[in-house]
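S.K.: Take a look at the following structure, please.
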Amino acid sequence: MSAKKNVDLLVGAQWGDEGKGKVVDMLGSDVDVFVRFQGGANAGHTVITDGQKTVFHLLPSGMLYPGKLCVLGNGLVLDPEQFLAETGELFAKGQDRARLAVSPHAHVVMPYHKMLDKLQEEARGKGRKIGTTGRGIGPCYVDKYSRSGLRVEDLIDADILRERLTYILDEKNQIITRLYNQKPLAFDEIYEPARKWGEALAPYVDDTRALLRRAADEGKHILLEGAQAALLDIDHGTYPYVTSSSTSAAGAFTGTGLAPNDLTRVIAVVKAYTTRVGEGPFPTEDFTEMGEKLRANGGEFGATTGRPRRCGWLDVPALRYSMELNGANVIALTKLDVLTGMGGIKVCTAYEKDGTRFTSWPTDTRTLSEIQPVYETLPGWDDDITNCKSFDELPANAQAYVKYIESALNVPVALIGVGADRNQTINRGM
Ligand code: IMP
């Protein structure tokens, strides 16, 4: 008989940048194993502890906790340069090396993936760009699914690497030269660094599926840390303006080898308003000075690219869709303090198109870009909430806003972020 399972999955509920890194870090003291399972260095998880800011793009946000195990699962696309930069920085600060495990089956983001990501974006031209992070994510997942990818294990075996890369690079060079009129990449310029990355990665490689299986069966507290968010999901998001991985709950299983019945809880991270980076429909985007105020108050600039984020209001139908998709049990509500002093708080409860009103999230991208949001305005608050330690200390209107969200989504809000620091969090039973 195995012990009682204790596996939490944390997912973004909007278009990313909900503040997942902070929530992971906040829950961290109680967690034994932190796992990333999809996406790659396109993520930007910001963690602030004792006023010190750390941004993780690839490593799990739990890396700041000494002695815990951090896992990069098979579903991730691993950028070795980013991996070495992030681990190097942490180890320079004296972190313990033994606690990181990398799946041999994670696909490797190669230099030609990043190159093709940028060339494809340029070629798409105005009006068709996706606004990718340029981290090679899409082209790497394309190679994974077309079975032309290199996995971490391929980098470690110099003979296999040489054999596979010879064929793969030949194909890439055809595309690079014939389709994009660029100079071909020289074999040794790709092979030599890749071989060295393999050497550097080798000490971390482990059978992460088996390792997670054991940890789950022993009742260890595992936190599966989603990157990006439901509305950027390759299947269920606002396609084609999405990322190339399964960002909602289902991705956690293919991306780790854990099974659906291992999961004990799904934590959906919801920002108290909405933001989006890159192109694509965003019904509640605010183009007035209110949107600018949200951006300024919330520091809404991309952690990976530095791009200003598009800002707007909470979208209830979008969030209901996201809760359903993820089977969310609890919500971690972040950045409530950003709404302080905003006057009335707008919440989208329905949409209108051609005189028809409806309350469900439209899943075709064209309709999404044509609908008009229908807003309800809730009373705001002016008192600083950044030092509030309990729900009761929040101004009545802030409490009412939280309760409104719970009732609209039918999911309890168990954690409330009232500031950037780990400690600026109200725990209501997470
Ligand atoms: P890609 O993941 O770089 O291919 O970018 C595809 C889309 O996902 C673009 O709109 C990006 O801005 C968006 N995206 C990717 N990663 C993140 C993230 O961590 N936060 C927010 N948006 C993201």
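The values are calculated or read from the model by the stated rules, or taken from the named source; none is laboratory data. Source: prediction; values computed, not measured. Please note: Cβ atoms are built from the backbone with ideal geometry, for glycine as well, and neighbour counts cover all protein chains shown. Ligands, DNA and RNA are excluded from the accessible area calculation, which covers all protein heavy atoms including side chains. Shrake-Rupley method; radii C 1.70, N 1.55, O 1.52, S 1.80 Å.
S.K.: Name every residue in the stretch 383-410 that is open to solvent by 10 Å² or more (accessible area, probe 1.4 Å) and closer than 17 Å to Lys271 by Cβ, in order of residue number.
M.R.: First, the residues of the stretch 383-410 that are open to solvent by 10 Å² or more (accessible area, probe 1.4 Å): 383-384, 386-393, 395-397, 399-400, 403-404, 406-410.
Passing the criteria: Thr386, Tyr404, Glu406, Ala408, Leu409.
S.K.: Just need a number here: residues in the stretch 234-266 that are within 17 Å of the chain's Cα centre (by Cα) and within 24 Å of Thr133 (Cβ to Cβ).
M.R.: Start the filter on the stretch 234-266 by keeping residues that are within 17 Å of the chain's Cα centre (by Cα), which leaves 234-239, 241-256, 266.
Within this subset, residues satisfying the condition of being within 24 Å of Thr133 (Cβ to Cβ) are 234-239, 241-252, 254-256.
Residues flagged as within 17 Å of the chain's Cα centre (by Cα) and within 24 Å of Thr133 (Cβ to Cβ) within the stretch 234-266 amount to 21.
S.K.: Would you mind listing the strands (runs of 3 or more DSSP E) fully within the stretch 294-368 where at least 1 residues are in contact with a helix residue (DSSP H, G or I) (Cβ under 8 Å, 6 or more places away or on another chain), in the same structural domain as Ile385 (by TED's automatic domain parsing) and surrounded by 21 or more Cβ atoms within 10 Å (Cβ to Cβ)?
M.R.: On the way: elements: 310-312, 330-334, 345-353, 356-358.
The strands (runs of 3 or more DSSP E) meeting that bar are 310-312, 330-334, 345-353.
S.K.: If you take the residues in the stretch 118-128 that are farther than 13 Å from Tyr241 by Cα and surrounded by 14 or more Cβ atoms within 10 Å (Cβ to Cβ), which one is farthest from the ligand (Cβ to nearest atom)? Reasoning before the result, please.
M.R.: Of the residues in the stretch 118-128, the ones farther than 13 Å from Tyr241 by Cα are 118-120, 122-123, 125-126.
This time we only want the ones that are surrounded by 14 or more Cβ atoms within 10 Å (Cβ to Cβ), so: 118-120.
Working: Lys118: 11, Leu119: 14, Gln120: 10 Å.
The residue in question is Leu119.
S.K.: A further question follows. Report, ordered by the first and then the second residue, all pairs with beta carbons closer than 7 Å, sequence separation of six or more or different chains, a first member in the stretch 239-260 that is at positive phi, and a second member that is modelled with pLDDT of 95 or more and part of a loop (DSSP other than H, G, I, E, B).
M.R.: Qualifying pairs under 7 Å: Gly257/Asn74.
S.K.: For the stretch 21-69, what are the residues that are in contact with a Gly (Cβ under 7 Å, 6 or more places away or on another chain) and closer than 16 Å to Leu9 by Cβ?
M.R.: Listed by number, the residues that qualify are Val24, Gly28, Val31, Phe34, Val35, Arg36, Phe37, Gln38, His45, Ser61, Gly62.
S.K.: Got a sec? Which strands (runs of 3 or more DSSP E) wholly within the stretch 1-63 have at least 2 residues that are modelled with pLDDT under 95 and within 14 Å of the ligand (Cβ to nearest atom)? Reasoning before the result, please.
M.R.: Working: elements: 7-12, 33-36, 45-49, 52-56.
The qualifying strands (runs of 3 or more DSSP E) are 45-49, 52-56.
S.K.: Against the condition in the same structural domain as Gly312 (by TED's automatic domain parsing), in a loop (DSSP other than H, G, I, E, B) and basic (Lys, Arg), how does Arg422 come out, does it pass? Show your work before the answer.
M.R.: Numbers: in the same structural domain as Gly312 (by TED's automatic domain parsing): yes; in a loop (DSSP other than H, G, I, E, B): yes; basic (Lys, Arg): yes.
Here the answer is yes, as Arg422 does meet what is asked.
Results for (1) touching a residue at least 24 places away in the same chain (Cβ under 8 Å); (2) of a type in the set (A, V, I, L, M); (3) within 16 Å of the ligand (Cβ to nearest atom), shown as yes or no for each residue.
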{"site": "Leu69", "(1), (2), (3)": "yes, yes, no"}
{"site": "Gly73", "(1), (2), (3)": "yes, no, no"}
{"site": "Phe91", "(1), (2), (3)": "no, no, no"}
{"site": "Pro104", "(1), (2), (3)": "yes, no, no"}
{"site": "Leu116", "(1), (2), (3)": "yes, yes, yes"}
{"site": "Ile130", "(1), (2), (3)": "yes, yes, yes"}
{"site": "Val142", "(1), (2), (3)": "yes, yes, yes"}
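S.K.: In the stretch 261-291, what residues are more than 30 Å from Ser2 (Cα to Cα), open to solvent by 40 Å² or more (accessible area, probe 1.4 Å) and in contact (Cβ under 8 Å) with a residue 60 or more places away in the chain?
M.R.: Glu279
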